[in-house]
Structure formats: structure tokens, C-alpha cells
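Here the structure is laid out as C-alpha cells; the discussion comes afterwards.
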Amino acid sequence: MKIDVLTLFPAMFAGPLDESIIKRAREAGLLDLAIHNLRDYTRDRHKTVDDRPFGGGPGMLLKPEPIFEAVEKLKREKSRVILLSPAGRPFNQAVARELAQVEDMLLVTGHYEGFDERIRERLADDELSIGDYILTNGALPAMVVVDAVTRLLPGVLGDDDSAKEESFSAGVAGLEYPQYTRPAEFRGMKVPEVLLSGNHAEIAKWRTHQAALRTKERRPDLL
Ligand code: 4GY
């Protein structure tokens, strides 16, 4: 998959996507990620990307010209053009799965008070929000989407992790059950006896029960 990102803060992308699983996916050619500086698509001396809202109001908006220039240049035949903003539809695992099927993505990140509406109207195929809070800009949300989608691309994950994703998509899972590793006692805290018992039927029952309790307590919306 090719993913292009349009941002005012390209330097923010150095680091998070250069580690671990995403690094391997990039090295293996499964993900081709390119970060583009919106300022490079301005034509005026001051490299202006923003302007004041018609009708008044606080703050500045991303003006249409640089974003239109950039998207028209970067967009490919099959790219999905996606704005990132708190006004988007909620991003979740189902959306990540949907995006893992598309050929190419062009992620357009917000800043200031947001986008001139004509960017939405004419350029965007979709608009996503990673959650109900306001960040300073869309770089972190873009990285979240890149990460969540990349790990679902064929060949990126090891078998164990793939199985985990499947149990989530089957809709079986709410939250995970509690897990423990050695030592069996740490600072006076004991691992539940059943997990040391070797009784696999009892262990499975305990885990299912714990997962249900935890989901009911913390995320009743998933039930
Ligand atoms: N939440 N999900 C988000 C965000 C920064 C003000 C519009 C979010 O996706 N993007 O908070 N982005 C804002 C800053 C203008 C973008």
C-alpha cells in the first residue's frame, strides 16, 4: 500500500513510524509511506497556508489553494483522500480493516481552526476522527491511522498477532482477560491459582468470565 500524508509538521513523523512492526513493513515494501510538507505547495513569497474566516470568528483556517495543489498532484487513480479532524466519522478497528483493503491513501491533516469547507466538498472522499478531543494538529491522528492500517496488511504481522485480530473481527471479543507471566508471586501479589492448575477447561472458563466482567465494568458500550 502507498500512503501519502500532507502535513505542516513533517518532522513529527520521524520516529514513531521508524520502529518495530511498521519499520519492518516499510523495509519489506509492504508499506510505501511518503510525508509531504503542505508549505511546499504554496506559491506566494510568504508560503501562506492559512487565512481568516469570512464572517469573523477566532483563529485561522487552512486556505484552499495549497491543499488543492497538493492533493491534485499527489492523488493517484485509486487513492482514498481522507481528512483527519475531530468532525470526522469515528476511526475504529472496523474502519482500519476497511482501509487495509484500499490501494492507496492520501491523509490530509488539519491545523489552526480547521479546513476551508470547499476542501471537504471537492477533495475529500472521507473524514475521520481518532477521538473526541482536540489536538494541536493532525499529525498524531495520521500516524495512528497509518499504524492501525499497516499492521492489518497481508504479511505484516506474525501468526500470533493475526489470530488476535481475527478474534476481534469475529466480534467475539470485548476486552481481554487479565494475564500474568513469571514469577508466580511478586511483591506479595499472587497469580490466580487456576492459571497454575494445568486444568485447561477451568482456565478457559475463568478467562471468559474475567473478560466479561471487565468489559461490563469498563466498556459496557461494547456489549
Ligand atoms: N481528534 N481526530 C483530530 C484532531 C487537530 C483543530 C482541526 C482528532 O482527527 N484529528 O484533533 N486534529 C485539529 C486541530 C483543527 C484539526
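The values are calculated or read from the model by the stated rules, or taken from the named source; none is laboratory data. Nothing here was measured: the structure is a model prediction, and the numbers come from that model. Note that we place each Cβ from the backbone using ideal geometry, even for glycine, and neighbour counts take in every protein chain shown.
When region 127-141 is examined, which residues are found to be within 13 Å of VAL95 (Cα to Cα) and either near the ligand (Cβ under 6 Å from one of its atoms) or within 10 Å of the chain's Cα centre (by Cα) (or both)?
Looking only at region 127-141, we keep the residues that are within 13 Å of VAL95 (Cα to Cα), and these are 127-130.
LEU128, SER129, ILE130, listed by residue number.
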Quiz item: Which pairs do you get when a residue that is among the β-branched types (Val, Ile, Thr), found in region 129-142, comes within reach of a residue that is buried (at least 16 other Cβ atoms within 10 Å of the Cβ) and in a helix (DSSP H, G or I), reach meaning Cβ atoms under 7 angstrom, with the pair 6+ apart or on two chains?
Solution: ILE130/PRO141; ILE130/VAL144
Quiz item: Does any residue of region 71-83 turn out to be free of Cβ contacts under 8 Å to residues at least 60 places away in the same chain, in contact with a strand residue (DSSP E or B) (Cβ under 7 Å, 6 or more places away or on another chain) and more than 22 Å from THR150 (Cα to Cα)?
Solution: no
Quiz item: Does region 101-117 hold any residues that are within 12 Å of the ligand (Cβ to nearest atom) and over 15 Å from ALA70 (Cβ atoms), and which are they?
Solution: TYR112, GLU113, GLY114
Quiz item: Does LEU30 satisfy the condition of being at pLDDT 95 or above, among the aliphatic types (A, V, I, L, M) and in a loop (DSSP other than H, G, I, E, B)?
Solution: yes
Practice problem: Could you give me the residue pairs with C-beta distances under 9 Å whose first residue belongs to region 180-194 and is among the small types (Gly, Ala, Ser), whose second residue is part of a loop (DSSP other than H, G, I, E, B) wherever it lies, and which are 6+ apart or on separate chains? | Solution: ALA184/VAL191
Quiz item: From the set of residues in region 34-85 that are within 12 Å of the ligand (Cβ to nearest atom) and part of a strand (DSSP E or B), which is nearest to the chain's Cα centre (by Cα)?
Solution: LEU84
Exercise. Inspect all residues belonging to region 86-100 and state whether any of them is within 13 Å of the ligand (Cβ to nearest atom) and of a type in the set (Asp, Glu).
Key: no
Quiz item: Can you name the residue in region 86-105 that is surrounded by fewer than 20 Cβ atoms within 10 Å (Cβ to Cβ) and in a loop (DSSP other than H, G, I, E, B) and, of all such residues, is farthest from the chain's Cα centre (by Cα)?
Solution: GLU103
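Out of TYR177, TYR133, TYR112, which single residue is surrounded by 12 or more Cβ atoms within 10 Å (Cβ to Cβ) and either out of contact with any Gly (no Cβ under 9 Å at 6 or more places or on another chain) or in a helix (DSSP H, G or I) (or both)?
On the way: TYR133 fails: surrounded by 12 or more Cβ atoms within 10 Å (Cβ to Cβ); TYR112 fails: either out of contact with any Gly (no Cβ under 9 Å at 6 or more places or on another chain) or in a helix (DSSP H, G or I) (or both).
Being surrounded by 12 or more Cβ atoms within 10 Å (Cβ to Cβ) and either out of contact with any Gly (no Cβ under 9 Å at 6 or more places or on another chain) or in a helix (DSSP H, G or I) (or both) holds for just one of TYR177, TYR133, TYR112, which is TYR177.
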Practice problem: Would you mention how many residues in region 42-74 are surrounded by 14 or more Cβ atoms within 10 Å (Cβ to Cβ) and farther than 16 Å from PHE115 by Cα? | Solution: 1
Practice problem: Could you please let me know if ARG120 is out of contact with any helix residue (DSSP H, G or I) (no Cβ under 9 Å at 6 or more places or on another chain), within 12 Å of the ligand (Cβ to nearest atom) and either assigned to a helix (DSSP H, G or I) or without any contact (Cβ under 8 Å) to a residue 12 or more places away in the chain (or both)? | Solution: yes
